[in-house]
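Heads up: the structure comes next, in structure tokens.
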Protein chains: 2
Amino acid sequence: MTVSTVASSSLAESAHRTRQAAQQLGYLSGDAKNAAIAAMADALEQAAAEIVEANAVDCEAAQQEGLAKPLYDRLKLSESKLQGAIAGVRDVGKLPDPVGVAQLHRELDDGLILKRITCPLGVLGVIFEARPDAAIQIASLALKSGNGVMFKGGKEARHSCQAIVAAIHRGLNSAGLPTDAIQLLTTREEILELLQLDSMVDLIIPRGSNAFVRFVQDNTRIPVLGHADGICHIFIDQSAVLDKAIPIVVDAKTQYPAACNAVETLLIHQGVAKAFLPPLAAALRKNGVTLRGDAIAQEIVEMEAATEDDWQTEYSDLVLAIRVVDSLGAAIAHINTYGSRHTDAIISESPQAVDSFLAQVDAAGVFHNCSTRFADGFRYGFGAEVGISTQQLPPRGPVGLEGLVTYKYQVVGNGHIAATYSGDDARAFSHRTL
Amino acid sequence: MTVSTVASSSLAESAHRTRQAAQQLGYLSGDAKNAAIAAMADALEQAAAEIVEANAVDCEAAQQEGLAKPLYDRLKLSESKLQGAIAGVRDVGKLPDPVGVAQLHRELDDGLILKRITCPLGVLGVIFEARPDAAIQIASLALKSGNGVMFKGGKEARHSCQAIVAAIHRGLNSAGLPTDAIQLLTTREEILELLQLDSMVDLIIPRGSNAFVRFVQDNTRIPVLGHADGICHIFIDQSAVLDKAIPIVVDAKTQYPAACNAVETLLIHQGVAKAFLPPLAAALRKNGVTLRGDAIAQEIVEMEAATEDDWQTEYSDLVLAIRVVDSLGAAIAHINTYGSRHTDAIISESPQAVDSFLAQVDAAGVFHNCSTRFADGFRYGFGAEVGISTQQLPPRGPVGLEGLVTYKYQVVGNGHIAATYSGDDARAFSHRTL
């Protein structure tokens, strides 16, 4: 079976086909979607050898081209990684159906009923790095949410993605669903084209470097789910307990420094800086962290100087910037100026300081006495994570399946007209919640 | 008291001040906001004579410049219209506080608690036509939702808006709130500048012509709440009852033809076209409606020919396009092709057809056996309407105060770190709803 890939000249036409196929997915029952997800998982299992083989071709080419080790590790799809991804597909089948949920149910008048019902977005445009298991995850989430998807994986993963999509298409086929619902784009040029299809594509999900996400945001009018920066802060308040502060800061910096929810800047109240910074610096250095501090921090512990640039840098590495602030207000002002609205934490035993921090810090996640690393859809219990959004409007923060649906208002009457409710003897609405 | 208006060169600086003032509004209690709203209403009442006088200056200039009658009517602020707007402010005070609502409350583990809490967006950019009462409504909604607002009214309403904002500032002042929270822009050039301030302004609300809304959408990366087109459809299904169909179509077309939720295209099933079109056409023509039909409709009733253009036109006038379709599927396909995802209705007595229509039509409002004119925040019982969004992502459809807030995730722990939950002896999350 050949995978139908998309010729650049007809991308809009392909998107139209995906849109039509998606309309069919949109009104499937939860059971029908779960059956299709199971068929998809079965097809992937049956194609496991084929997929691993295709991946080996990609990996060999990548090695010859000298692909950097971390990228190569992401590209490499071992049998066990593939089985893990297939298990993930089956897990998505177990999640509650995000479509068809009544968010509002109200009588407007006798026999005139308003409902707000969740429904699919339509078509998702997903662009990710050379990480073939992402294609599997995305396909299952799209199907579960009743959306079509056009995706483009990194060119290094070309053979892997084609083998995966061929298997997914077989799964869709055996479930009686249109294979157009999931289309694979193959050329880099198509990314820009995809970003222009704002009447066909409803949401772009970019996965990749900060620079790439920013490129996407700058080049499309389609809403983008994602974030360019994860500049997270921890503020150690005057009332903080050192025994809580040290493990939290060490965890937030070192547990996975490349993660977007790792801490980048530590703010510390001047009242405790002298007492806390030396043991904190020792603990961080023991874990391989390089410190950069402002003048006051440097007076307390010898470290490199932090410049203005450091406050706006996501190191994604074992580096931590430290600034001593003279008040809670100064800490909040720093975060609201330099932060990326991702996740910021306060370590404090003062309920008043905590309340102010949680209320005034403008971020998707505001944490108290715990690591910023908890900012994650799986840890929040969402089952699946589509991405973390640092946009101001919802969906914000870690986004689960609910980020892939929207809603529509249904009004059902029996001949009701608006004229009845206007003018001198206007009838009143009842507006009764049902 | 002079109104502080914004010099173009320092718009970003002004936006920064509004942002800071908004942070203060953001954590006010509901009672404190309602007190400020009352103070705003009082100040407007005290300034009523002043405002009406300023409006008279604007109206005189508009008459000399020959402003079109409908625009003049919107500009004109009579004492009673002003009192109505002030009553509207007091009504906003009675609405539930949209901020601080817990949407999710979950234990992640012992002592590690996740909450999702609604919070203000930050700063709203509102651009509207020469309609001074809109400034009053917007100011009260912004205050209620804890947002700052920078607004720009049409230049014809300059004196009116200045008098209104001066009064609003007096109200804010007497409530002890920063007047920077609500700023008035006065020059047209500032609109484009405002649209560029994507790091300062969180939502743009344009009110005006479709062309203007499209201009705004095309010139900003800030999310825009609103819609350019309102191309609404009614489909008369094969199973429709004529006695319901006629009043609904007449209401949807004639009750207020300039409204975005008025019907523009009537689709009718070929099975009933011959029987229904003649009495329907007679009823519509009795109400002054001009009809344009496709070839089949023209065979049944004499009328002008509809062209491809008609299917994509929002007449905002007593004109209705009519197309005869051969199936429910063709009606849905027409709507999903030409509609603007605003509001579309089916007239039908077949539960199966209704279910298909409500599920498959992609629009913010899908209606059955009632007029499209019900698509309205007040009629839905939202208390206040910020606008109607035809975007795919929420907020969609009529947007009340909830469109002016977002949410943040609060995680409160007691020294919890992520390392505990990973690795070989990883602790499990409880994910228990509280």
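The values are calculated or read from the model by the stated rules, or taken from the named source; none is laboratory data. Not measured: the values here are computed from a predicted model. We place every Cβ from the backbone using ideal geometry, glycine too, and count neighbours over all the protein chains shown. Surface accessibility is based on the protein's heavy atoms, side chains included, excluding ligands, DNA and RNA. Shrake-Rupley method; radii C 1.70, N 1.55, O 1.52, S 1.80 Å.
Are any residues in region A:324-375 facing chain B (nearest Cβ under 8 Å) and open to solvent by 20 Å² or more (accessible area, probe 1.4 Å), and if so, which ones? Correct list: A:N336, A:S356, A:A359, A:Q360, A:D362, A:H368. Whether any residue in region B:304-323 is in contact (Cβ under 8 Å) with a residue 12 or more places away in the chain, more than 31 Å from the chain's Cα centre (by Cα) and surrounded by 17 or more Cβ atoms within 10 Å (Cβ to Cβ) is what I want to check. The answer is no, given that none of the residues of region B:304-323 is in contact (Cβ under 8 Å) with a residue 12 or more places away in the chain, more than 31 Å from the chain's Cα centre (by Cα) and surrounded by 17 or more Cβ atoms within 10 Å (Cβ to Cβ). Taken over region A:232-243, residues that are surrounded by fewer than 24 Cβ atoms within 10 Å (Cβ to Cβ) and either of a type in the set (V, I, T) or not in a loop (DSSP other than H, G, I, E, B) (or both) amount to 3. Residues in region A:239-258 that are under 14 Å from A:T343 (Cα atoms) and more than 9 Å from chain B (Cβ to nearest Cβ): A:V249, A:K253.
Cβ-Cβ contacts under 8 Å between residues 6 or more apart (or on different chains), taken from a first residue in region B:193-213 that is within 14 Å of chain A (Cβ to nearest Cβ) to a second residue that is open to solvent by 60 Å² or more (accessible area, probe 1.4 Å), are listed as B:D198/B:R221; B:M200/B:H16. Residues in region A:393-416 that are touching a residue at least 12 places away in the same chain (Cβ under 8 Å), assigned to a loop (DSSP other than H, G, I, E, B) and within 7 Å of another protein chain (Cβ to nearest Cβ): A:R396 only.
Take the conditions (1) open to solvent by 40 Å² or more (accessible area, probe 1.4 Å); (2) of a type in the set (A, V, I, L, M, F, W, C); (3) in contact (Cβ under 8 Å) with a residue 24 or more places away in the chain; B:A419 misses just one of them, which is (3). Regarding A:Q217, is this residue over 28 Å from A:A353 (Cα atoms) and within 14 Å of chain B (Cβ to nearest Cβ)? It is true that A:Q217 is over 28 Å from A:A353 (Cα atoms) and within 14 Å of chain B (Cβ to nearest Cβ). Those residues that are open to solvent by 50 Å² or more (accessible area, probe 1.4 Å) and either modelled with pLDDT of 90 or more or not in a helix (DSSP H, G or I) (or both), I need them from region B:1-22; list them, please. Correct list: B:M1, B:T2, B:S4, B:T5, B:A7, B:E13, B:H16, B:R17, B:Q20. Going through (1) within 14 Å of chain A (Cβ to nearest Cβ); (2) open to solvent by 50 Å² or more (accessible area, probe 1.4 Å) one by one, B:G271 falls short only on (1). Residue count for region A:376-402, restricted to those that are small (G, A, S) and open to solvent by 10 Å² or more (accessible area, probe 1.4 Å): 3.
Screening B:G226 with (1) in contact with a Lys or Arg (Cβ under 8 Å, 6 or more places away or on another chain); (2) among the small types (G, A, S); (3) assigned to a loop (DSSP other than H, G, I, E, B); (4) within 20 Å of B:V361 (Cβ to Cβ) gives one miss only, at (4).
Scanning region B:91-120 for residues that are modelled with pLDDT of 95 or more and either of a type in the set (K, R) or within 24 Å of B:A12 (Cα to Cα) (or both) gives B:R106, B:K115, B:R116, B:C119, B:P120.
Of all residues in region A:224-243, at least one satisfies being out of contact with any helix residue (DSSP H, G or I) (no Cβ under 6 Å at 6 or more places or on another chain), in the same structural domain as A:V325 (by TED's automatic domain parsing), more than 20 Å from A:R396 (Cα to Cα) and free of Cβ contacts under 8 Å to residues at least 60 places away in the same chain. Of A:S209, A:S199, all but one fail to be open to solvent by 40 Å² or more (accessible area, probe 1.4 Å) and modelled with pLDDT under 85; the exception is A:S209.
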